[in-house]
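The structure under discussion appears below in the form of structure tokens.
The values are calculated or read from the model by the stated rules, or taken from the named source; none is laboratory data. Model, not experiment: these values are computed from the prediction. Note that we place each Cβ from the backbone using ideal geometry, even for glycine, and neighbour counts take in every protein chain shown. In case anyone asks, the SASA skips ligands and DNA or RNA and just uses the protein heavy atoms, side chains included. Shrake-Rupley method; radii C 1.70, N 1.55, O 1.52, S 1.80 Å.
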Amino acid sequence: MAAVPDFESFQSLAEAFYSLARKEPDLVVYRQALYDPNTDENGSPRQRLQRTFSEVETRVTKIAHYLKSIGVTKGSKVAIVSSSRPEWMECDLAAHTLGAVVVSIYQSVPADDVGYILFDSDAHVVFAENQEQVDKLNSLLSGTIDIPATEDRDATTAQVGLKKIIAFEQVSDHPLVAQLSGILAGPKPDHLDAYKTLNREDLAALVYTSGTTGPPKGVMQTQGNHLANVRQAYECRLVTTESTLMVFLPLAHAFAKLMGYLGFIAPAELEFPAIKDTKTSKMEPDSVTRDIREFGAEIVPVVPRLLEKMEAGVKAKANAGGLRGKLLTLMLGSARGVYGGNPSLGQRIGYALTGFLRKKVKAQLFGEGFRYAISGGAKLNPDVGRFFDMLGIEILEGYGLTETCVATNVNRYGQKKIGSVGPVLADDIELRIGEDGEILFRGPNITKGYYNRETATRNAWDADGWFHTGDLGEVDENGFLSIVGRKKDILVTSYGKNIAPEDIEAQMKSSLYISAVLLIGDGRPFISALVSIDLQAVSAWAKKRGISDLDNKSLAKNEAVQDLIWKELERANKEFADYEQAKKFRIVPEDFTVENGMLTPTFKVKRPVVMKQYAALIEEIYAGA
């Protein structure tokens with residue numbers, strides 16, 4: 001068994017990687033599922049590719065040599081726009097080998113957003129996953145893009161200039177494009193040691209925040225920030241040297257990238273899903289869930305939205321009728337009774353009889369070797385946490401921000417408190433609650449500030465080094481942190497009532513029929529809600545009732561559907577004080593998505609965008625109020 005490296009002895013991520021690669025050359029770094037269209041539907045598990053540290057070191061060094069040949073040096077900005085795959089991490093470490101700064105870009109964002117990040121970061125070399133991403137980059141070369149204003153910069157237009165695009169998949173010929181496959185086909189190269197000039201204060205990455213209220217901000221993460229957080233994750237035994245982790249969340253997200261480093265600079269093993277579509281970066285949910293199930297990794301990092309979808313899927317099957325539906329209904333009802341305490345005799349019998357089914361559901365969702373999921377990226381609705389807990393599926397909620405690089409708090413296996421994000425990972429993460437309830441952090445993982453955003457940096461980091469998260473929270477006597485809501489999202493009604501919308505929205509979203517909710521009420525006499533429906537669930541409900549127009553717009557206008565949604569909102573309303581309850585609502589004609597600009601790549605609602613889009617609906621709600 002490999003030992004946990006001494007992360008405090010390293011000056012850089014590259015040093016940590018090469019040290020482990022040379023000590024443990026035969027240790028498996030990752031496995032990746034392989035898609036084969038000829039055999040994928042025959043029911044047998046997918047084949048897997050695996051690579052050892054020796055093999056990965058060779059690949060990383062080849063890529064680093066190529067980057068050096070095109071002029072990448074210490075401080076150069078190198079962007080990666082791709083879904084999660086091993087090449088992402090290999091190219092990341094190749095850039096770090098030369099002391100370059102890696103700029104993370106979500107594969108799902110439109111071309112103009114990619115252009116903004118490239119302009120703001122001054123990145124001129126880009127690793128692009130496939131033809132879709134190359135086409136985005138090429139479109140930026142043909143004209144100018146609008147650059148929105150920041151606190152320190154006026155709005156302007158700019159032309160994005162690129163020196164080289166390196167494609168993971170085979171793409172059309174272009175003078176700027178090189179194929180990664182060609183770079184990796186070369187002979188085994190000599191070692192590079194440019195990383196030996198780095199220290200822990202050197203910039204490692206620019207990770208752009210999701211931009212819910214304005215232009216994304218590039219968070220400056222240092223070599224030491226990342227090394228500290230990997231150490232902290234091992235110290236709290238979030239992972240061990242024998243852990244296996246499933247990595248499918250976008251590596252552009254700081255949470256997923258931490259998981260990547262847990263396998264590439266430490267001995268945990270990573271599992272990656274298959275690449276089914278080599279032309280686009282569109283996620284294939286059925287393919288990914290199949291790989292999660294077949295790999296059966298011990299640890300599965302997730303976002304709350306995925307858990308909500310899983311819960312809805314189980315409940316939908318229970319409601320579908322037939323023998324399976326009846327068994328699932330019995331399983332859920334008996335588990336709820338036993339979990340809640342003081343179950344009836346029937347519930348105890350039902351619980352005993354459906355034990356096999358709970359195990360089967362767990363295996364269907366997460367695989368045979370699964371131990372627990374780590375939920376991060378957004379707040380987890382406690383009811384969702386309790387749903388999985390009553391089925392014996394361990395979900396550990398954690399907390400962290402891009403600015404805290406990354407994880408600061410997490411519940412421990414066997415020591416969790418649902419509704420909280422747990423205690424800090426390690427003693428050197430300082431946590432304080434400000435006088436106004438804001439969560440503040442200080443420690444070696446806390447980042448340096450925002451790139452090119454001095455005013456925003458001064459507003460978020462105080463003179464004593466405390467980072468002000470913008471989140472409101474409470475800490476109990478055992479050190480467990482609970483998130484109350486976002487400071488800037490607090491709604492203050494015209495009657496002076498302060499309302500944190502996050503928990504209310506989460507309760508409403510727990511409905512099978514509701515996809516997303518945005519509460520309105522700032523400066524208004526009462527709270528109202530904009531609701532997007534879960535099209536699949538509502539369509540199935542409507543079809544059973546003879547409703548033929550099943551598109552989103554038609555269902556939003558249908559009176560029966562409106563009655564259904566109002567009943568769901570009333571059910572949620574009962575959990576809150578009268579002034580916190582939604583008094584009116586409107587169903588919007590489309591879901592909130594990344595593609596239509598209403599969600600960030602991390603699935604957070606862009607409140608200003610939604611409110612602007614549906615300004616007329618909002619005014620209709622409050623007309624005459």
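Values computed for the structure shown
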item	result
Cα→Cβ-extended label distance, 7 Å offset, between ASP286 and LYS612, nm	3.7 nm
Reference-scaled alpha-carbon Rg (2.2 N^0.38 Å with N residues) for the stretch 31-103	1.40
Whether the stretch 320-375 is rounded, prolate or oblate, judged on the alpha carbon gyration tensor where a/c under 1.5 counts as rounded	oblate
Extreme residue, positive dipole direction of the stretch 264-371, given options GLY313, ALA274, ALA352 (C-beta unit charges)	ALA352
Selection from ALA94, VAL4, GLY115 lying farthest towards where the dipole of the chain points positive, charges on Cβ	VAL4
Filtered trypsin sites (Lys or Arg not before Pro), the stretch 520-572: DSSP coil and at most 12 other beta carbons within 10 Å	ARG545
Set LYS74/LYS276; LYS257/LYS606; LYS282/LYS360; LYS309/LYS359; LYS282/LYS488 screened for pairs whose C-alpha atoms are more than 27 Å apart	LYS74/LYS276; LYS282/LYS360; LYS282/LYS488
Residue-by-residue Karplus 3J(HN,Hα) for the stretch 567-583, coefficients 6.51, -1.76, 1.60, Hz, glycine and proline x	5, 5, 5, 4, 4, 5, 4, 4, 7, 10, 5, 4, 6, 8, 7, 6, 8
The stretch 1-103 - charge dipole about Cα centre, Lys and Arg +1 at Cβ, Asp and Glu -1, debye rounded to 20	300 debye
Using θ = phi - 60° and Karplus 6.51 cos²θ - 1.76 cosθ + 1.60, couplings along the stretch 32-49 (whole Hz; Gly, Pro as x)	10, 5, 10, 8, 10, x, 7, 10, 5, 9, 8, x, 7, x, 5, 5, 10, 9
Relative contact order of the chain, pairs being alpha-carbon contacts under 8 Å that are 6 or more residues apart, as %	12 percent
Rg [Å, one decimal], Dmax [Å, integer] - the chain, C-alpha atoms	24.7, 75
Between the stretch 1-80 and the stretch 435-463, the alpha-carbon center distance in angstrom	32 Å
The chain, accessible surface, carbon-and-sulfur percent (1.4 angstrom probe)	50 percent
Estimated [θ] at 222 nm from DSSP helical runs (n ≥ 4, -39500 (n - 2.57)) normalised by residues in the chain, nearest 500	-11000 deg cm²/dmol
Stokes-Einstein D (µm²/s) once Rh is taken as the Kirkwood radius of the stretch 398-489 over alpha-carbon pairs, at 20 °C in 1.002 mPa s	159 µm²/s
Total charge dipole magnitude, the stretch 26-169, about the Cα centre, Cβ charges on Lys, Arg, Asp, Glu only, Debye to nearest 20	640 debye
Accessible solvent surface per residue of the stretch 431-582, calculated while the other protein chains remain in place, 1.4 angstrom probe, Å²	48 Å²
Shape call, the stretch 132-260: gyration tensor on alpha carbons, a/c limit 1.5	oblate
Three-way shape call for the stretch 71-204 based on the alpha-carbon gyration tensor, with the a/c threshold at 1.5	oblate
The stretch 1-133 - percent relative contact order, Cα under 8 Å, separation 6 or more	22 percent
Residues whose placed amide H lies under 5 Å from that of ILE527, excluding near-sequence neighbours	LYS583
Relative contact order (percent, whole number), the stretch 194-338, Cα cutoff 8 Å, 6+ residue spacing	16 percent
Members of LYS487/LYS509; LYS279/LYS557; LYS23/LYS417; LYS362/LYS612 lying beyond 32 Å, as alpha-carbon distances in this model show	LYS279/LYS557; LYS23/LYS417; LYS362/LYS612
Whole-Å semi-axes of the stretch 519-625's equivalent ellipsoid (Cα gyration tensor)	23, 19, 13
Residues whose placed amide H lies under 5 Å from that of ALA178, excluding near-sequence neighbours	ILE165, ILE166, ALA167
Cα pair count fraction exceeding 16 Å, expressed as % - the stretch 438-529	67 percent
³J(HN,Hα) computed for each position of the stretch 525-530 - Karplus, 6.51 cos²θ - 1.76 cosθ + 1.60, integer Hz, glycine/proline x	x, 7, 8, 10, 9, 9
DSSP loop chymotrypsin sites (Phe, Trp or Tyr not before Pro) with at most 14 other Cβ within 10 Å: longest gap in the chain	1-412
Environment charge of ALA542, counting only residues whose C-beta is closer than 14 Å and scoring Lys/Arg +1, Asp/Glu -1	0
Given charges at Cβ of Lys, Arg, Asp, Glu: the chain dipole, positive-most of ILE145, ASN573, TYR451	ASN573
Cα centroid of the stretch 177-203 to Cα centroid of the stretch 497-570, whole Å	51 Å
Alpha carbon centroid spacing (whole Å) that separates the stretch 236-266 from the stretch 278-343	23 Å
Computed label-point distance, nm, for sites GLU151 and ARG22 using a 7 Å Cα→Cβ extension	4.4 nm
